[in-house]
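Asks: Got a structure here, written out as C-alpha coordinates. Questions coming.
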Amino acid sequence: MPRASNKVVELTTPILQNMELAACRTAEAVAEVMEFGEDKSAEVAMALIEACLNSFEHSRSKDKKVYITFLLEDGILKIILRDRGRGNVNFGYGK
(Lines give C-alpha, C1' and ligand atoms only; values in the text may rest on other atoms or scores of the structure.)
Protein backbone atom coordinates (compact mmCIF):
# COMPACT_ATOMS: atom_id res chain seq x y z
CA MET A 1 0.00 0.00 0.00
CA PRO A 2 1.46 3.40 -0.91
CA ARG A 3 2.38 5.80 1.88
CA ALA A 4 0.33 8.99 2.16
CA SER A 5 3.22 11.03 0.69
CA ASN A 6 3.15 9.05 -2.58
CA LYS A 7 1.24 10.29 -5.57
CA VAL A 8 -1.12 7.74 -7.07
CA VAL A 9 -2.97 7.88 -10.38
CA GLU A 10 -5.50 5.15 -11.13
CA LEU A 11 -7.05 4.32 -14.47
CA THR A 12 -9.64 1.69 -15.36
CA THR A 13 -10.14 1.00 -19.03
CA PRO A 14 -12.42 -1.45 -20.82
CA ILE A 15 -10.85 -4.09 -23.01
CA LEU A 16 -11.81 -2.52 -26.31
CA GLN A 17 -9.90 -1.77 -29.50
CA ASN A 18 -7.58 1.26 -29.17
CA MET A 19 -8.14 1.74 -25.43
CA GLU A 20 -4.41 1.19 -24.93
CA LEU A 21 -4.07 4.69 -26.41
CA ALA A 22 -6.03 6.18 -23.48
CA ALA A 23 -3.64 4.42 -21.11
CA CYS A 24 -0.72 5.78 -23.15
CA ARG A 25 -1.99 9.37 -22.86
CA THR A 26 -2.29 8.97 -19.10
CA ALA A 27 1.25 7.54 -18.92
CA GLU A 28 2.56 10.50 -20.94
CA ALA A 29 0.84 12.96 -18.58
CA VAL A 30 2.29 11.19 -15.54
CA ALA A 31 5.77 11.18 -17.12
CA GLU A 32 5.43 14.94 -17.72
CA VAL A 33 4.51 15.51 -14.06
CA MET A 34 7.61 13.53 -13.10
CA GLU A 35 9.69 15.65 -15.50
CA PHE A 36 10.88 12.65 -17.50
CA GLY A 37 12.59 13.54 -20.76
CA GLU A 38 11.04 12.84 -24.12
CA ASP A 39 12.92 9.54 -24.59
CA LYS A 40 11.99 8.19 -21.15
CA SER A 41 8.37 9.28 -21.61
CA ALA A 42 8.21 7.43 -24.95
CA GLU A 43 9.75 4.34 -23.33
CA VAL A 44 7.12 4.37 -20.56
CA ALA A 45 4.29 4.84 -23.08
CA MET A 46 5.54 2.03 -25.33
CA ALA A 47 5.92 -0.40 -22.41
CA LEU A 48 2.41 0.38 -21.20
CA ILE A 49 0.92 -0.05 -24.68
CA GLU A 50 2.59 -3.46 -24.96
CA ALA A 51 1.37 -4.47 -21.48
CA CYS A 52 -2.18 -3.35 -22.28
CA LEU A 53 -2.26 -5.18 -25.61
CA ASN A 54 -0.95 -8.31 -23.92
CA SER A 55 -3.65 -8.07 -21.26
CA PHE A 56 -6.36 -7.35 -23.83
CA GLU A 57 -5.33 -10.40 -25.85
CA HIS A 58 -4.48 -12.95 -23.17
CA SER A 59 -6.15 -12.14 -19.84
CA ARG A 60 -9.53 -13.71 -20.54
CA SER A 61 -10.88 -11.27 -17.95
CA LYS A 62 -14.57 -11.82 -17.29
CA ASP A 63 -15.23 -8.16 -16.44
CA LYS A 64 -13.41 -7.04 -19.63
CA LYS A 65 -11.46 -4.28 -17.82
CA VAL A 66 -7.83 -3.44 -17.13
CA TYR A 67 -6.85 -1.60 -13.95
CA ILE A 68 -3.70 0.52 -14.11
CA THR A 69 -2.06 2.15 -11.10
CA PHE A 70 0.75 4.68 -11.48
CA LEU A 71 2.78 5.13 -8.27
CA LEU A 72 5.04 8.21 -8.23
CA GLU A 73 7.68 8.49 -5.53
CA ASP A 74 11.11 10.16 -5.41
CA GLY A 75 11.69 10.18 -9.17
CA ILE A 76 10.53 6.58 -9.56
CA LEU A 77 7.41 5.63 -11.50
CA LYS A 78 5.98 2.20 -10.83
CA ILE A 79 3.16 1.01 -13.05
CA ILE A 80 0.94 -1.86 -11.96
CA LEU A 81 -1.40 -3.32 -14.54
CA ARG A 82 -4.06 -5.73 -13.33
CA ASP A 83 -6.96 -7.52 -14.88
CA ARG A 84 -9.27 -10.09 -13.43
CA GLY A 85 -7.94 -12.79 -15.71
CA ARG A 86 -4.66 -14.67 -15.81
CA GLY A 87 -1.47 -12.87 -14.65
CA ASN A 88 -0.56 -9.26 -13.91
CA VAL A 89 2.27 -6.94 -14.96
CA ASN A 90 4.46 -4.63 -12.88
CA PHE A 91 7.24 -2.43 -14.18
CA GLY A 92 9.05 0.70 -13.05
CA TYR A 93 11.09 3.63 -14.38
CA GLY A 94 13.34 6.25 -12.87
CA LYS A 95 14.93 9.41 -14.20
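To keep it simple, each residue is scored yes or no on (1) part of a loop (DSSP other than H, G, I, E, B); (2) at pLDDT below 95; (3) over 25 Å from Asn6 (Cβ atoms).
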site: Ala31; (1), (2), (3): no, yes, no
site: Glu35; (1), (2), (3): yes, yes, no
site: Ser55; (1), (2), (3): no, yes, no
site: Arg60; (1), (2), (3): yes, yes, yes
site: Leu72; (1), (2), (3): no, yes, no
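Asks: Go through the range 4-57 and give me each residue that's under 15 Å from Leu71 (Cβ atoms), more than 12 Å from the chain's Cα centre (by Cα) and free of Cβ contacts under 8 Å to residues at least 40 places away in the same chain.
Replies: Ala4, Val33
Asks: Report, ordered by the first and then the second residue, all pairs with beta carbons closer than 9 Å, sequence separation of six or more or different chains, a first member in the range 72-85 that is surrounded by fewer than 14 Cβ atoms within 10 Å (Cβ to Cβ), and a second member that is aromatic (Phe, Trp, Tyr) and in a strand (DSSP E or B).
Replies: Ile76/Tyr93
The values are calculated or read from the model by the stated rules, or taken from the named source; none is laboratory data. Since the model is a prediction, treat every value here as computed from it, not as a measurement. With ideal geometry, Cβ positions are generated from the backbone for all residues, glycine too; neighbour counts draw on all protein chains shown.
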